[in-house]
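The values are calculated or read from the model by the stated rules, or taken from the named source; none is laboratory data. Computed from a prediction, not measured in an experiment: that's the story for all the values here. Quick reminder, even Gly has a Cβ in these numbers, built from the backbone with ideal geometry, and neighbours come from all protein chains shown. Remember, those area values only see protein heavy atoms, side chains included, never the ligands or the DNA or RNA. Shrake-Rupley method; radii C 1.70, N 1.55, O 1.52, S 1.80 Å.
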Amino acid sequence: MQSANGMGKKKLIVIAGPTASGKSSVAVELAKLINANIISADSMQVYRGMDIGTAKITKEEMKGVRHYLLDEFAPDEAFNVAIFQKLAKQYIEEIHSHGNVPILAGGTGFYIQSVAFDSEFEEMEIDRTLRRELEKEYDELGAASFHEMLKKVDAGAAKSIHPNNKKRMVRALEYFRLTGERISEHNAKQRAKRSPYELYYFVLNMDREILYRRIDERVDKLVEAGLVEEVNSLLMQGYSRNLVSMQGLGYKEIAAYLEGEMSLEEAIYIIKRDTRHFAKRQWTWFKREPACRWVDISPKDSAQDVAKRILDVIKKDSSRIQEMKTHEDGV
RNA sequence: AGGGGAAUAGUUCAAUGGCAGAGCGACGGUCUCCAAAACCGUCAAUGGGGGUUCGAGUCCCUCUUCCCCUG
């Protein structure tokens, strides 16, 4: 019998948080405690050959815990939420079928949402042409006229999307043309969804000052570890600067440096700044997600400590759900 | 010490004597198929004192601070 509060549902643990908060190692420690497997929820770590810039977890750091969705794509392959969701759902099922618990770990809130709340995406692989056309139309008509056009078919979307936001303007109209449904209505429906999982959604949280310092330090370390060489090697292999994967933090800036557009110092400054901005956007995302539980950590806490604290919360919740279940059965 | 120059938002720069603006930043936010992307909003300044003028960031005097040159 399926009902609210996770009864009858399968467990899914999420370890999220801003970049450089220590998610990866906490996820590993937690996985060791409960015999779980980890699915990476990261839009950049799926790419092979992009290791240093994405601060990808190493074999040793995995400590024998199985990780999914790392290194699955070449840097010039298309990747997006829909693809992520499809694969992640497959892996979750596979992990459950082995009797293990899946941990979704990463910083891409949008991707986590798509799995944790099972967003619906239509099949639309083929339709790159329509999007191209709409993008062209947007450029030709200008933001204001395009906005008017959208308003005629989907007033709700037109109201909530800023005319300057080309990506979402185009997407909203594309969605309508493709499905005949308004994206504003679709989104409202999706937002009302409950998780199909017994969901434990944790967000690692750290003092802002401290996190920003960690980001600066990490960028310096990445450069020392050979970020420039990594980007150079990708370019030499023929991966173009305008690939989506090459828009990742650290990659576009170092590519610009290698092309002589800026000094290395400038590139490093920009990477640090933009990574801080990124962390801020991640916070904003998780803040508006009501399912999130914030785990305050300080740099002194070891990954094991944090993992234990998280496990305590899971146990408590889990036993409450169990109680409710037996109570319901007894009635 | 003498001579010259500068002083405007956290920072880099704007502003015929006529409503002090912009970029970067900091802060807040949006997000349901490019999301490490894309986009929006808010904050914040004329170094101190005097004068000229209907009106001074702008002109004059003075103090302070900084830069350059000479010694």
With all protein chains modelled, accessible area of A:LEU70 [1.4 Å, Å²]: 30
Extreme residue, positive dipole direction of chain A, given options A:PRO102, A:SER318, A:VAL170 (C-beta unit charges): A:SER318
Ranked order, A:ILE13, A:ILE210 - accessible area, probe 1.4 Å, largest first: A:ILE210, A:ILE13
Förster radius 25 Å - calculated FRET efficiency between A:ASP118 and A:HIS96, Cβ distance, rounded to 0.05: 0.95
Distance violations [Cα-Cα > 19 Å] among A:LYS23/A:LYS252; A:LYS32/A:LYS59; A:LYS136/A:LYS167; A:LYS86/A:LYS308: A:LYS23/A:LYS252; A:LYS86/A:LYS308
Cut-off 12 Å between beta-carbons: net charge of the residues surrounding A:ALA225, Lys and Arg +1, Asp and Glu -1: -2
Extension reserve of the A:ALA256-A:GLN304 stretch, reckoned as 0.36 nm per residue once the Cα distance is removed: 13.3 nm
Rg to Rh, two decimals, where chain A supplies the alpha carbon set and Rh follows Kirkwood: 0.99
Vicinal HN-Hα couplings computed from phi for segment A:284-291 (Karplus, 6.51 cos²θ - 1.76 cosθ + 1.60; Hz; Gly/Pro x): 4, 4, 5, 4, 8, 8, x, 6
Nearest-20 debye value, chain A charge dipole, Cβ charges on Lys, Arg, Asp, Glu: 1160
Set of aspartates and glutamates near A:LYS280 by C-alpha distance (under 13 Å), chain-local residues within fewer than 8 positions excluded: A:ASP207, A:GLU209
Positive-pole candidate from A:VAL26, A:ALA74, A:ILE57, dipole of segment A:23-84, charges at beta carbon: A:VAL26
Charge dipole of segment A:227-279 about the Cα centre (unit charges at C-beta), most positive-ward option of A:ALA279, A:SER233, A:TYR257: A:ALA279
Rg [Å, one decimal], Dmax [Å, integer] - segment A:79-135, C-alpha atoms: 14.2, 47
Estimated vicinal HN-Hα couplings, Hz - segment A:266-278 in sequence order (Karplus 6.51, -1.76, 1.60; Gly, Pro = x): 4, 4, 5, 4, 5, 4, 4, 4, 5, 5, 4, 4, 4
Mean Cβ neighbour count within 10 Å, used as a protection proxy, ranking A:197-207, A:76-86, A:267-277, A:35-45 highest first: A:35-45, A:197-207, A:267-277, A:76-86
Expected 222 nm ellipticity per residue - DSSP helices of 4 or more, -39500 (n - 2.57), all of chain A, to 500: -17500 deg cm²/dmol
A:GLU198 long-range amide H proximity, modeled H, under 5 Å: A:LYS10, A:LYS11, A:LEU12
Efficiency of FRET between A:LYS280 and A:LYS167 - r from beta-carbon atoms, R0 25 angstrom, step 0.05: 0.80
For A:LEU204, distant residues with modelled amide H under 5 Å away: A:ALA16, A:GLY17, A:VAL295
Those aspartates and glutamates that a straight Cα-Cα span of less than 18 Å connects to A:LYS151, excepting residues fewer than 8 apart in one chain: A:GLU135, A:GLU137, A:ASP139, A:GLU140, A:GLU174, A:GLU181, A:GLU185
Eligible lysines near A:LYS221 by straight Cα distance, threshold 17 Å, same-chain separation 8 or greater: A:LYS56, A:LYS272
